[in-house]
Amino acid sequence: MIRTFLTVLIFLIISPLLDPALAQDKGSEYYKGTVNAVIEEAEYYDEALDLDNIYQELKVLIKTETGEKLIDITVGDEYQYNQVRYKVGDKVLVQGSSSSDTGSDLMYSIHDFDRSRPLLILLLGFVVLTLLISKTSGLQSFLGLIISIFAVFGLIIPGILKGYDPILISILVGIFLIPTTFYISHGFSRKSTLAVIGTVISLLITGIIGSLSVKSSYLTGQGLEESFFLQTQSEQNINIANLIIGGIIISLIGILDDVTISQVSIVEQLKDTNREISPSELFRRAMTVGRDHISSITNTLILTYSGASIPILLIFSLSNTTFSEVVNLEIVAVEIVRTLVGSIGLLLAIPITTLIATRSFAKR
């Protein structure tokens, strides 16, 4: 789970640091900049939107490929709504959009704040704490992290952009990623091998359940915010619903790592404590601990997905929409499927891994 979080975090931090001119959108360029001066500022009530609007005229110093450039940017005018009050020294991301057919002239606007520095500090703090506390195992974890980053951004994303099914490619990459990262993090041992087998089986079952759930629920992903952007920016017809399930599969690898390794360790310790214990009793005792693990992690998983959906649910609550109408909307149904498929995969991993470990250690 930590590895999955760090993979995304590192990508978000590194990508804007690679070049002053950031990843290019069609017809747009992005730059890192600093608010140099606030020339004019006013706050007024927008009758059309029934909201307060903040108007500012700013001088922003941006970094381009040829050097620094001071530009004028206006926010909160009659063409745009703004509730952010920028001040001198603020780090921002500036979007330059073509204003002519030739594309030689650019119109500049503030896209968002530049958050790379605080994110980088947060990441470095995590790295330092990990190395101080975990030491050698921390280094192994970071090696596994590098491989995970390669798997996501070197295999999964290019594969999806080439038109491969997101669920299929996520499962295939997961089958490669699981043994690689498990053996790096936990060493070459029977425990690691059993955990790998349990995780791969659980992942395959989760992929099948996810695919069937998407089809039976008639999910297309067209109601999602990301759908329009991906369909217009990509040359391939990306299946958004399958993309969501593929994301669940990859994110589950990090969670299943903790669960499956823990279950195998429990079985191993129970067997070492009592050599005469029967396979059925060994399985029963290990599952007793596994159920506690299931309760805590499943609750965490559900709260994580539910928490991300709170803004959407608030919007529907304010619109007096009935519960039946809400759950049948695709934007909500996708979140429900994502939560339940992920939880089912997690639930299945416990007994599957415990059974595999029990059969293996019972022969010892």
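Read-outs throughout are calculated quantities, based only on the coordinates presented, and are distinct from any laboratory measurement. This one's a predicted model, so the numbers in the text were calculated from it and none came from an experiment. Neighbour counts are summed over all protein chains in view; Cβ atoms, including those assigned to glycine, are modelled from backbone coordinates with ideal geometry.
A few notes on this one:
- 107, 287 arranged by Cβ crowding within 10 Å, fewest neighbours leading: 107, 287
- Amide hydrogen neighbours beyond the local backbone of residue 55, cut-off 5 Å, H modeled: 42, 43, 44
- Candidate lysines for bridging to residue 363, where Cα separation is under 16 Å - those fewer than 8 sequence places away on the same chain excluded: 191, 271
- Mean Cβ neighbour count within 10 Å, used as a protection proxy, ranking 151-160, 36-45, 316-325, 276-285 highest first: 151-160, 276-285, 36-45, 316-325
- Relative packing of 115-122, 195-202, which averages over residues the other C-beta atoms within 10 Å, highest first: 195-202, 115-122
- For the stretch 259-321, the Rg and Dmax computed from alpha carbons only, in angstrom: 19.7, 63
- The listed peptides 289-297, 205-213, 260-268, ordered by packing as a protection proxy, come out as 260-268, 205-213, 289-297 (highest mean of other Cβ atoms within 10 Å first).
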